[in-house]
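First comes the structure, then the notes that go with it.
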Amino acid sequence: MKTTESIPVFLSADNNYAPYMVTLMISIMENTESKINFYIIDAGLSNLTKQIIKNIQKKYNFSLEFIDAEKYRHYFPMPASPSGHITRASSDRFLIPYMKPELDRAIVLDVDMIAMGDIKTLWDTDLEGKLLGAVPVYCFMDINSIYEAVREVGLNPSHYYLNMGTVVLDCKQWREKNMCEQISKIKINFDTQKYHNWDELLLNLTLEVNNYKIIDPKFNMAVSHISYYQQGKPYAHMKVIEEHFKLTKEYKLNDFIFIHFAMPHVKPWRNRMYYYSPIGRWIEIPGFKEFWYYMQKTPFFESEKISFQDMQVGGLYDLGYTNSKEQSLAYANRLRKYEKYKLLTKLTMGLVPKFKKLRNKYAV
């Protein structure tokens, strides 16, 4: 029995990211009793993809609306950029309060995530009068990398750089304060190729110093953050990090509400393992099995499984082999590794103790 309250959730994807967006949507629906209204900002979805999503809607009984951002882009004047390498699509999230003017509040999510808990706990977060709630970038690999923008862009060093992967947005305040105009007035004098998330950087510049509600990391747990706890916090500068961010809580897998596969090398549809330098070895990407558990419930599963396999045993034309014999040997070697680890059979069927019973219950 679902609750009567509706939670508006905004997502954005093109055809390439549609399978992962749908995986996120299903993971949200299977972890909540609340009524969800999905608003999908169309960044290049085909009619076929939209129909697939509509078919999923019938099964999971959520509300669905596709939004053409072009109709609202006049609300955000593009800031001047000396490099010229910024796109309109990057700023579409700034337009959400105008896309649905009847909404006072909304949740905005990146689509390279999965839900592990009830999204209503995020919705119930008290913003304490702030414009938005977000999680700072808890990037434990190197604390200096968090604030690279401090040196090059001029962010205040005491500002906790927020990540836009999970945002609870006060739409009413956004409109009243005309935030689009405020953000557009910030001069972009940084390398937009290096800081490709230029919209996120501009928002941080607008909201410094910490003029936003800092919410629990469990709502946007990056892979490196999860590995930090799973691997026994193996950092010489652990105390520096924890004291800086005032971290006091220990996290376990079932504490997370969202896992965020934020970096290219930790996308579970591309890789199973990643090199974790603090311990000097390869480890499985946290959330890998959980991602594939939900992916197998989507109509994209078979094609994504083949694509994943291709990335494990293929891609040899880019490795610089000069003759077909070398290439064939390299391919055979990679294929043997693939067979040894049985990547698809072991790792894409949701073989996680927590999810075994659920798999039978919700099997497509």
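If I ask for residues that are in contact with a strand residue (DSSP E or B) (Cβ under 9 Å, 6 or more places away or on another chain) and farther than 27 Å from K267 by Cα, which ones from the stretch 190-209 would you list?
Residue satisfying the conditions is L207 alone.
Return the residues of the stretch 42-69 that are part of a strand (DSSP E or B) and within 21 Å of the chain's Cα centre (by Cα); say none if nothing qualifies.
Listed by number, the residues that qualify are D42, L64, E65, F66, I67.
Of the residues K54, K50, K71, only one is touching a residue at least 12 places away in the same chain (Cβ under 8 Å) and out of contact with any Cys (no Cβ under 7 Å at 6 or more places or on another chain); which?
Answer to the selection: K50.
Which number in (1) more than 28 Å from M221 (Cα to Cα); (2) free of Cβ contacts under 8 Å to residues at least 24 places away in the same chain marks the one condition that R88 misses?
(1)
Using the structure shown, decide if F94 is of a type outside the set (S, T, Y) and either more than 21 Å from the chain's Cα centre (by Cα) or not in a helix (DSSP H, G or I) (or both).
no
Identify all residues within the stretch 16-41 that are part of a loop (DSSP other than H, G, I, E, B) and modelled with pLDDT of 95 or more; write none if there are none.
Within the stretch 16-41, Y17, E30, N31, T32, E33, S34 meet the criteria.
Any idea which residue in the stretch 267-304 is modelled with the lowest pLDDT, counting only those that are on the phi < 0 side of the Ramachandran plot and small (G, A, S)?
Selected residue: S277.
Would you be able to say whether some residue in the stretch 234-254 is closer than 15 Å to P286 by Cα, of a type in the set (K, R) and modelled with pLDDT under 85?
Yes: the stretch 234-254 contains one or more residues that are closer than 15 Å to P286 by Cα, of a type in the set (K, R) and modelled with pLDDT under 85.
Return the pair list, or none, for Cβ contacts closer than 9 Å from residues in the stretch 254-273 that are in contact (Cβ under 8 Å) with a residue 12 or more places away in the chain to residues that are among the basic types (K, R) and part of a loop (DSSP other than H, G, I, E, B), at least 6 apart or on different chains.
Sorted first by the residue in the stretch 254-273, then by its partner, the pairs are D255/K249; F261/K267.
The values are calculated or read from the model by the stated rules, or taken from the named source; none is laboratory data. The structure presented is a predicted model; accordingly, all values stated were derived computationally and were not measured. Counting neighbours? That spans all protein chains shown, and the Cβs are built from the backbone with ideal geometry, glycine included.
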